[in-house]
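Next up is a structure, given as structure tokens.
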Amino acid sequence: MAENLLAGLQAELDERAANGLLRKRRLLETAQTAHIMVDGQQVLSFCSNDYLDLANHPQLITAMQDAVAKSGVGSGASHLITGHHQYHQQLEEVLATFVGLPAALLFSTGYMANLGVVSALVGRGDEIFADRLNHASLNDAAVLSRATLNRYPHNDLVALEGMLKASKVPRKLVMVDAVFSMDGDLAPVPELLTLCEQYNAWLLLDDAHGFGILGKQGRGVLSHFKMASPHIIYMATLGKAVGAFGAFVAGDAVLIEYLLQQARTYIYTTASPPALSATVLAALKIIKQDEARRVHLKQLIDYLKSNLHLKSWQLTESQTAIQPLIVGSNEAALSLSEYLLTLGILVPAIRPPTVPKGTARLRISLSAAHNFDDIKCLIDALRSAEREMA
């Protein structure tokens, strides 16, 4: 009988492979930076979300080493037992101040944060309104919550308002990526907040790809748009621009206390290692003080967009570090990624269901670790690919 079960799984895997959807892990053999060793090959990488080149920063390494010596390797318990260390508490206070909100709560990952927030705040009889291009964690959170899920076309405020206006439930939640992870564009956050205030809804902003990059001193999308409201639930991750690991949710003090009491992915999991929080504290100091990293990243983005002009494939309108090159079919995206790898350049091919069918792409992620020669190398390689493959 077990053979039949496994045969069914193998058939599904074979179908994925036939459709160009089978994914494989790569083995990283160095620290994360612009030039890495992966699968035994030295490559120029455009894969990392380490946007500010902090993942291997010596000050963060020292901060983690010092903190491990004081706090140990693991937390040993959940936050509500004995796992809530003084490093966790200090980081929550600093993060709340950094994003300009009354309180913050640490989570293990952004995925866990979104699952915890949504399932705690809404349930049967409530409604969720979600952008169709939201991250998978928001989509899964909606399903887990058992609330009615309404999905509106990407950044379509007219459609969203129609849904909100028609809703009769007392508790409504609008949830959206602040920076969309596969398109790199920004959500119309001020307009979304206006609608939420008008129709008395929560606004959950997933700022995973904006925190550390957008706004004054990298304080995120709220600073970028100069916004504040008790309707806002703000989530950001600490493993991208911050260069470490984890996530947090910030908002009104009552909201955060409610999540501490009700968010199951916070309550029923071991607290993250305290040394990670000490490391993030060190990273936040660099993020606040080192504006040159963000300036350099912006210059790299502008250079790529100004100099990469292809007939076969097009960059999107993104002005962020995420620069998708739309290719079309799964097979074409894979072929282009493999061609670049023969030239020593690693750019991932992103395919459905991560992106809509027919929009397979190369997701070019830029980092402050790159220099202009790296970008020129990528541009030259894509031009060569177009000549060889088009």
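Just so you know, all these numbers are worked out from the coordinates, no wet-lab data involved. All values reported here derive from a predicted model rather than from experimental measurement. Cβ coordinates were reconstructed from backbone atoms using ideal geometry, including for glycine residues, and neighbour counts include every protein chain displayed.
Starting from the Cα of residue 77, step 7 Å along the direction of its Cβ; do the same at residue 166; then give the gap between the two resulting points in nm.
Placing both labels 7 Å along Cα→Cβ, they lie 5.1 nm apart.
Rounded to the nearest 0.05, what FRET efficiency is calculated for residue 144 and residue 314 with R0 set to 30 Å and r the Cβ-Cβ distance?
0.25
Something else about it: With the Cα gyration tensor of region 58-289 in hand, give its eigenvalues times 5 under a square root as the equivalent ellipsoid semi-axes, listed largest first in whole angstrom.
Numbers: eigenvalues 184, 75, 38 Å².
For region 58-289, the semi-axes come out at 30, 19, 14 Å.
Below 8 Å between Cα atoms, with a sequence gap of 6+, how large is the relative contact order for region 26-93 in percent? Write out the running numbers ahead of the final one.
Working: 49 pairs, mean separation 11.4, N = 68.
Dividing the mean separation by the residue count of region 26-93 yields 17 percent.
Oh, and also: Which aspartates and glutamates does residue 305 reach when only Cα atoms under 19 Å apart count, and residues fewer than 8 places away in its own chain are ignored?
183, 185, 317, 373, 374, 380, 386
Additional query: Could you list log10 I(q)/I(0) for region 251-341 at q = 0.10, 0.15, 0.25 Å⁻¹, which the Debye formula gives when each Cα is one point scatterer?
So the normalised log intensities work out to -0.60, -0.89, -1.26.
Could you tell me whether the chain comes out rounded, prolate or oblate from its Cα gyration tensor? Rule is a ≥ b ≥ c as square roots of the eigenvalues, rounded for a/c under 1.5, then prolate if a/b exceeds b/c, otherwise oblate.
Taking the square roots of the gyration eigenvalues as a ≥ b ≥ c, the chain is rounded.
Region 23-73 to region 161-227: how many Å between their Cα centroids?
Cα centroid of region 23-73 versus Cα centroid of region 161-227: 30 Å apart.
Only residues of region 301-318 count here: report those whose backbone N is under 15 Å from the spot 7 Å along Cα→Cβ of residue 339, or say none.
From region 301-318, the list is 309-315.
Suppose a student asked you for the relative contact order of the chain, using Cα pairs under 8 Å spaced at least 6 residues apart; what percent would you report?
On the way: 752 pairs, mean separation 87.7, N = 390.
Reported as a whole number, the value is 22 percent.
May I pose another question? Which residues among region 236-276 fall inside the zone where the amide N is under 15 Å from a point 7 Å beyond the Cα of residue 89, along Cα→Cβ?
274
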